[in-house]
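First up is the structure itself, then whatever we jot down about it.
What follows draws every value from the coordinates through simple rules; no lab data is involved. Small disclaimer: the values here were computed from a predicted structure and weren't measured. Counting neighbours? That spans all protein chains shown, and the Cβs are built from the backbone with ideal geometry, glycine included.
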């Protein structure tokens, strides 16, 4: 597995969403976490969301909760982009950064998200 620096600016020529300081959101009596999601290298998701970043509310507070919520809310298109059936988990070619700091795939269940965080999903592409 390739080694990546812990901090990396992820602009890659794309406009980064602004990060307003938003309070926790409550919907139907349930607290929701609001974060910014940036997608880099996911053409199916660009078609679905019509842009490369979104502000997203979800129940939970961990990266694992977010991924599970995306899979439930958006089904097939997210699953086809994120899931690798051979490993029964997140596709290993996907790197995730929170506020521009990469997260090790082994830490996904333990990573806490805070209101207003920016979560970047980056698909690593190879070719020649």
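For a quick protection proxy, order the peptides 46-52, 95-101 by their average other-Cβ count within 10 Å, most packed first. Intermediate results must be reported in sequence, preceding the final value.
Working: 46-52: 13.0, 95-101: 17.3.
Final packing ranking: 95-101, 46-52.
Between residue 104 and residue 72, what length comes free when the chain is fully extended (0.36 nm per residue of separation minus the Cα-Cα distance, one decimal in nm)? Working shown, then result.
Values: separation 32, 0.36 × 32 = 11.52 nm, distance 2.32 nm.
Taking 0.36 nm per residue and subtracting the Cα distance, the gain is 9.2 nm.
What is the distance, in nm, between label points placed 7 Å from the Cα along the Cα-to-Cβ direction at residue 48 and at residue 80?
That separation, rounded to one decimal, is 0.9 nm.
Averaged over all directions, how much area does the convex hull of the C-alpha atoms of the stretch 27-123 cover when projected, in nm²? Mind dumping the intermediate values first?
Numbers: hull surface 24.2 nm².
The number I arrive at for the stretch 27-123 is 6.0 nm².
Ranked from highest to lowest mean number of other Cβ atoms within 10 Å per residue, what is the order of the peptides 77-83, 104-110?
Values: 77-83: 16.6, 104-110: 12.0.
Ranked by mean Cβ neighbours within 10 Å, highest first: 77-83, 104-110.
Give me the extension gain from residue 93 to residue 115: residue separation times 0.36 nm, minus the current Cα-Cα distance, reported in nm with one decimal.
Values: separation 22, 0.36 × 22 = 7.92 nm, distance 2.68 nm.
Working it through step by step, the gained length comes to 5.2 nm.
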